[in-house]
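Accompanying notes for the structure given below.
The values are calculated or read from the model by the stated rules, or taken from the named source; none is laboratory data. Fair warning: this is a prediction, and the values are worked out from it, not measured in the lab. Virtual Cβ from ideal backbone geometry, glycine too; neighbours counted across all protein chains shown.
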Amino acid sequence: MTPLQQALARLLARDPAWRRALPPADPLGAVARARGVALSTEQQGGGSAFAEADASKREYWAARTLTTTDGLFTFEVEPIKSILLVSGDRATFADPPKPGAEEDDDDDEGTP
């Protein structure tokens, strides 16, 4: 008997009310044998891989200047607008919010 089982046995012997709180668990057997199944990429039908064909073919949104909160550093970034995939399709990304633009999800803020 493990130390945990011994401690539980002492607890149950000292306070029989614990027997109602801790009903005996049903013994579980081994898991039945089964064969694993996996689908290949072609069987999944999920389309082609999301792989970029050529980084020089990227399109960018307008450049933005980001400033750190302490004002010491500024960075100019060009968010990616779209990339050319190996499949020949283009993946297009949404225009991110401009720096300093507040995202206000609560339309009634400030109204009584």
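Residues that are at pLDDT 75 or above and in a strand (DSSP E or B) are absent from the range 15-23 altogether. Within the range 52-66, being surrounded by 11 or more Cβ atoms within 10 Å (Cβ to Cβ) and assigned to a strand (DSSP E or B) holds for 52, 59, 60, 64, 66. Exactly one residue among 34, 94, 49 is exposed (fewer than 11 other Cβ atoms within 10 Å of the Cβ), at pLDDT 90 or above and in a loop (DSSP other than H, G, I, E, B), and that residue is 94.
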